[in-house]
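Asker: My questions all concern the structure below.
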Amino acid sequence: AAAVIYDAVNAARARGVDVVLADTAGRLPTQLHLMEEIAKVRRVIAKAEPTAPHEVLLVLDANIGQNALAQVKAFDAAIGVTGLVVTKLDGTAKGGVIAAIARQQPKPLRFIGVGEGIDDLQPFSAREFVDALFGTGYAKANPAALAAYLAACASNLNSFMLAATSIDDDAFDEALAA
């Protein structure tokens, strides 16, 4: 795996390609030899391109619940996770572990998966997420409660913090756009 990504980075550079995606799927944090291998892949990427990797996304299955927190901690220690993707939010899973991750191992939530189609991978929107959890319109109708929730999930909003007080719609919209 490490040799393949080394060749891919060098080939991309030679061809003037700006982006290289490396998918190292199928890793379990309990399999130490695989975690060592993925750490080696990260080191090799940095050797081939000293400023890389520019983004290290960890894809989590929303159905695994609190085990997701253990995975974030293990993968972050091994490869320096810079962002999260939470998938399978179209089923019974609600993604509540996001709040636990935000408090204990803060990482920006970049995308969510709400189905199997190409358009079902969507950028994370705090307002839409809260409305999906608590009901449509909750975000606008309960800005103080939402502010408290967002403060707990602040790292998922690129370190933006909202005070747990009433805020007007314009300030709320500006805050979410930040």
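Asker: Quick one: is GLY95 in a loop (DSSP other than H, G, I, E, B) and open to solvent by less than 30 Å² (accessible area, probe 1.4 Å)?
Answerer: yes
Asker: In segment 6-27, which residues are at pLDDT 90 or above and of a type in the set (S, T, N, Q)?
Answerer: Correct list: ASN10 only.
Asker: What single numbered condition from (1) more than 23 Å from ILE98 (Cβ to Cβ); (2) modelled with pLDDT under 90; (3) of a type in the set (Val, Ile, Thr) fails to hold for THR30?
Answerer: (1)
Asker: Now a separate question. If we keep just the residues of segment 56-70 that are open to solvent by less than 30 Å² (accessible area, probe 1.4 Å) and over 15 Å from LEU121 (Cβ atoms), which is nearest to the chain's Cα centre (by Cα)?
Answerer: Per the criteria, the residue is VAL56.
Asker: Identify, from the list ALA99, ALA68, the residue that is in contact with a strand residue (DSSP E or B) (Cβ under 6 Å, 6 or more places away or on another chain), among the hydrophobic types (A, V, I, L, M, F, W, C) and more than 28 Å from ALA3 (Cα to Cα).
Answerer: Result: ALA68 is the single residue among ALA99, ALA68 that is in contact with a strand residue (DSSP E or B) (Cβ under 6 Å, 6 or more places away or on another chain), among the hydrophobic types (A, V, I, L, M, F, W, C) and more than 28 Å from ALA3 (Cα to Cα).
Asker: Do we have any residue at all in segment 13-33 that's more than 23 Å from the chain's Cα centre (by Cα), of a type in the set (A, V, I, L, M) and part of a helix (DSSP H, G or I)?
Answerer: Looking for residues that are more than 23 Å from the chain's Cα centre (by Cα), of a type in the set (A, V, I, L, M) and part of a helix (DSSP H, G or I), one finds at least one in segment 13-33, hence yes.
Asker: Here is a follow-up. Tell me which residues, restricted to segment 21-55, are open to solvent by 50 Å² or more (accessible area, probe 1.4 Å) and touching a Gly at 6+ places or on another chain (Cβ under 9 Å).
Answerer: ARG42, GLU55
The values are calculated or read from the model by the stated rules, or taken from the named source; none is laboratory data. Note that the coordinates shown come from a computational prediction; the quantities given were computed from them, not determined experimentally. Methodologically, a virtual Cβ is constructed for each residue, glycine included, from the backbone with ideal geometry; neighbour enumeration extends over all protein chains shown. Surface accessibility is based on the protein's heavy atoms, side chains included, excluding ligands, DNA and RNA. Shrake-Rupley method; radii C 1.70, N 1.55, O 1.52, S 1.80 Å.
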